[in-house]
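Notes for the one structure printed next.
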Amino acid sequence: MTVSIIIKTLDDEKRIARTIECALKALPDGEGEIIVTDLGSRDRTIEIASAYPVRLAQIARPARFRSGAGSQLGYQYARHDFICLIDADMELDQAFLSEAIAFLERHTRTGGVTGHIETGAAYGSSFMPDRRIGAVDQLAGGGLYRRRAIEEIDYMADRNLHGYEELNLGIRLRSTGWKLHRLDRRFACYHERDPRSRDLLLQQVKTKEPFGIGELLRAATGKPYFYRLLRALPELGILALAWSFMLGSILLVATLPGVTMPAIIIAAGLGLVVAVTSLRTGRLKTGLYMVIVRFLQAIALPVGYITPRRNPRSWIESRLLGEPDAEVSRDADQATDAYDTAMAKSAR
C-alpha cells in the first residue's frame with residue numbers, strides 16, 4: 001500500500017522546496033505521490049514546486065480560499081490508500097510514514113495517526129492543544145489518514161472552513177466509530193522553530209482563521225456530534241470571557257461620565273489579561289498575540305456562523321497544472337448529496 005502526501009500552500013516560495021524535498025525522502029521505498037495544493041499563491045510557489053516530481057493542483061474560480069479547501073482539494077486527486085496531510089512550512093520526518101502505515105495495518109479501526117510536531121513556543125501554545133500520546137480527538141497539525149475511513153464520511157475537509165479543519169475531521173471520524181492515535185515519535189517539524197508573534201498575527205488576518213470557530217459551529221449545528229464538538233472546544237469559554245469584557249467596556253463608556261475614567265479601567269483590565277496570559281506562555285509578545293487573537297475570534301465568531309455555506313461534498317473547482325485536460329471545474333452552486341466519486345476517479 002502506498003501513500004499520497006498532500007502539501008497545502010499559499011505564498012510559500014521560501015519554504016516549499018525544502019518541504020517537497022523532505023516529503024520525497026519520506027515516501028516509503030520511494031513509492032507514492034506528492035500533491036501540492038495551491039490556494040492562489042501570487043509569488044513563485046508554483047514555479048518552484050513545478051521543478052519537482054509532484055502533482056500541482058490549483059484552486060480555480062468560482063471557488064474561494066479556505067484552509068479546509070486545501071486538504072479537500074488534495075484528497076480529490078489522491079490515488080492511494082493512505083493520505084498524509086502537511087503544511088508547506090513543515091519538514092516531514094523521513095521514517096514516519098513507514099511506521100505509521102504499519103501501525104494502521106495492525107489497528108484496523110484506527111482512521112488516522114500522527115506524532116510529535118517540533119514547534120516554536122508561539123506555535124506550541126496556540127495551535128497544538130492536544131499533545132497526548134495514544135488516543136486523541138484530532139490530528140492537530142497533520143498526520144496520516146486511512147482512505148477507507150475518509151470514504152465512510154464522504155469528504156475529507158470542509159471546504160467552508162477557514163480553520164479547525166482537523167478538529168472537524170476528527171469529530172466526524174470518531175462519531176462513526178473510527179479512532180485517532182498519536183505515536184510517541186516525531187511526525188514533522190516547522191522550518192521556523194520560533195516565529196515572531198507579529199508574523200503569526202499577520203498570518204491569522206491574511207488567512208481569516210479567526211472566522212474558523214463560527215464556521216465550525218455552523219457546520220456541526222444539527223449534527224449528532226454537535227455536543228461532542230462543544231466539549232472539544234475549550235476556547236469557547238475564553239471567547240465568552242472576551243465577549244463579557246467587550247460588553248462590559250461598552251457599558252462603562254455608556255454609564256460613566258467623561259472618557260478618561262472608562263479608558264483607564266478598560267486599559268487596566270486589558271493589561272491584567274495580557275499579564276496573566278504572558279505568565280502562562282512565558283513571553284510577553286506571545287501573551288499579547290494570544291489576547292489579540294482571542295478578541296479577533298470572539299468578534300469573528302458570529303460572522304463565521306452566519307456566513308453562507310457551500311455543500312462540503314461538492315467538487316472543488318480546480319485545475320491540475322502541467323497535465324493534459326488540466327481544467328477540472330464545476331459550477332460552485334451545484335448541490336450534490338454525496339461526494340462525486342466518478343469525477344474524483346477520473347481526475348486521479
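The values are calculated or read from the model by the stated rules, or taken from the named source; none is laboratory data. In this text, all values refer to a predicted model and were calculated from it rather than measured experimentally. Because the Cβ atoms are built from the backbone with ideal geometry, glycine has one as well, and the counts that use them run over all protein chains shown.
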Yes/no for Thr286 being β-branched (Val, Ile, Thr), farther than 24 Å from Leu217 by Cβ and surrounded by 13 or more Cβ atoms within 10 Å (Cβ to Cβ)
yes
Residue within the stretch 10-20 that is surrounded by 23 or more Cβ atoms within 10 Å (Cβ to Cβ) and part of a strand (DSSP E or B) present:
no
For Met290, state whether it is among the aliphatic types (A, V, I, L, M), in contact (Cβ under 8 Å) with a residue 24 or more places away in the chain and out of contact with any helix residue (DSSP H, G or I) (no Cβ under 6 Å at 6 or more places or on another chain).
no
So the check is Cβ under 6 Å with 6+ separation or different chains; which pairs have a first residue in the stretch 129-148 that's touching a residue at least 24 places away in the same chain (Cβ under 8 Å) and assigned by TED's automatic domain parsing to the domain that holds Gly112 and a second one that's surrounded by 23 or more Cβ atoms within 10 Å (Cβ to Cβ) and of a type in the set (Gly, Ala, Ser)?
Asp137/Gly170; Gln138/Gly170; Leu139/Gly112; Gly143/Gly112; Leu144/Ala100; Tyr145/Gly112; Arg146/Gly111
Return the only residue of Ala100, Ala17 being in the same structural domain as Leu180 (by TED's automatic domain parsing) and either in contact (Cβ under 8 Å) with a residue 40 or more places away in the chain or polar (S, T, N, Q) (or both).
Ala100
Among His80, His107, which is within 12 Å of Thr2 (Cα to Cα) and assigned by TED's automatic domain parsing to the domain that holds Leu321?
His80
Quick check: is even one residue across the stretch 175-194 over 25 Å from Leu284 (Cβ atoms), part of a helix (DSSP H, G or I) and touching a residue at least 12 places away in the same chain (Cβ under 8 Å)?
yes
